[in-house]
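Written out below as structure tokens is the structure these notes cover.
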Amino acid sequence: MPNNSTPIIDCQVHAYEANTPENPWVGELTGPEEVTGEQMVEAMDEVGVDGALLISPYRIYGYDGSYALAMGAKYPDRFGLIRPFDPLSETVGAEIEEWTANPGVVGARIVLRYIEIEADHPGLDAVMEAGAAAGIPVNVLCTEKIPLFREIARRHPNTQLVIDHLGLTQPHHPPPPDEPWADLDEVLTLADFDHVAIKVSGACTLAHEPFPYPDIWEPLSRVFEAFGFERCLWGTDWTRAVNLLTYEQGVEAFRVTDQLSDSERAALMGGSLEKIYRWSPGGSADG
């Protein structure tokens, strides 16, 4: 349960039911056949994670956030809710407005990696304007599309943007890429925008060395220096990371390292997320 100090908050987890004729998936997701909201909470309890941003998995539910809403209603003190939106939809602005009226909603997401779109597309403008109007961050999966993200950030300075998964390609199965940090220099240029934060999620899946993954800290130190801890958010990207490490390892790697001071760890593992998303476990979304 949430404690009295800075809570530990995972910036990205997924929960979903098994693929059945009654509840069919729209695609496939790397991970177990099922990780329900109940099972996700149990996993968090086992390692002392107080809360998490529950991201409706695009590859399972598409743009339908119903399951996330159901789990948010069941565990309102544990999950802040985010779902993906289609910027190619002509009604996307209204869809985000409707979404943000639900209890527990803390953000929206767009998945640039899997669509072809230009920065000046009316749908992207509608997403950004709706996010700003609602006062919620827009999470962006912009892997391999950093120039597009940069132009979106330039066009929408009043929208809080959050880069998913360090902006880097991350593996679903071992081994990690030979040069997992090859695009980091390009990602770090996005720190120039004050309204852009970055999820340090899934970082352990990029390690070549075993737990506690000592080789992630030099590149991560560059992320922290560029963005500042106030714009960096720790997370596991559970369940995508399941084939590379355990949930406990994804949490403990950031607890046991001597590369973080206590204050830096507190900001990275929950404090900064509280401020950016205006949400805390045991509390509620503000706005």
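The values are calculated or read from the model by the stated rules, or taken from the named source; none is laboratory data. This is a predicted model, so every value here is computed, not measured. No Cβ is skipped: glycine too gets one built from the backbone with ideal geometry, and neighbour counts run over all protein chains shown. Accessible surface areas use protein heavy atoms only, side chains included; no ligands, DNA or RNA. Shrake-Rupley method; radii C 1.70, N 1.55, O 1.52, S 1.80 Å.
Return the total of residues in segment 70-111 being more than 21 Å from Gly37 (Cα to Cα) and either modelled with pLDDT under 95 or assigned to a strand (DSSP E or B) (or both).
Of the residues in that region, 2 qualify.
Could you give me the residue pairs with C-beta distances under 6 Å whose first residue belongs to segment 83-95 and is within 20 Å of Ile60 (Cα to Cα) and touching a residue at least 12 places away in the same chain (Cβ under 8 Å), whose second residue is outside any helix (DSSP H, G or I) and open to solvent by 30 Å² or more (accessible area, probe 1.4 Å) wherever it lies, and which are 6+ apart or on separate chains?
Pro84/Tyr63; Asp86/Tyr63
Identify the single condition in (1) open to solvent by less than 60 Å² (accessible area, probe 1.4 Å); (2) without any contact (Cβ under 8 Å) to a residue 60 or more places away in the chain that Val106 does not satisfy, given that it satisfies every other one.
Every listed condition holds for Val106 apart from (2).
Conditions first: (1) open to solvent by 80 Å² or more (accessible area, probe 1.4 Å); (2) within 27 Å of Ser89 (Cβ to Cβ); (3) more than 19 Å from the chain's Cα centre (by Cα). Arg59 passes all but one, so which condition is the exception?
(3)
For segment 256-269, enumerate the residues that are free of Cβ contacts under 8 Å to residues at least 40 places away in the same chain and exposed (fewer than 14 other Cβ atoms within 10 Å of the Cβ).
Asp258, Ser261, Asp262, Ser263
Does segment 125-179 hold any residues that are in a loop (DSSP other than H, G, I, E, B) and either of a type in the set (Gly, Ala, Ser) or farther than 30 Å from Pro32 by Cα (or both), and which are they?
Matches in segment 125-179: Gly135, Ile136, His156, Pro157, Asn158, Thr159, Gln160.
Of all residues in segment 227-268 being β-branched (Val, Ile, Thr) and part of a helix (DSSP H, G or I), which is farthest from Thr6 (Cα to Cα)?
Narrowing segment 227-268 to residues β-branched (Val, Ile, Thr): 236, 239, 242, 246, 251, 256-257.
Within this subset, residues satisfying the condition of being part of a helix (DSSP H, G or I) are 242, 251, 256.
Details: Val242: 27, Val251: 15, Val256: 17 Å.
Within segment 227-268, the match that is farthest from Thr6 (Cα to Cα) is Val242.
When you scan segment 204-225, do you find a residue that is open to solvent by less than 50 Å² (accessible area, probe 1.4 Å), outside any strand (DSSP E or B) and over 28 Å from Gly31 (Cβ atoms), even just one?
Yes, that holds for at least one residue.
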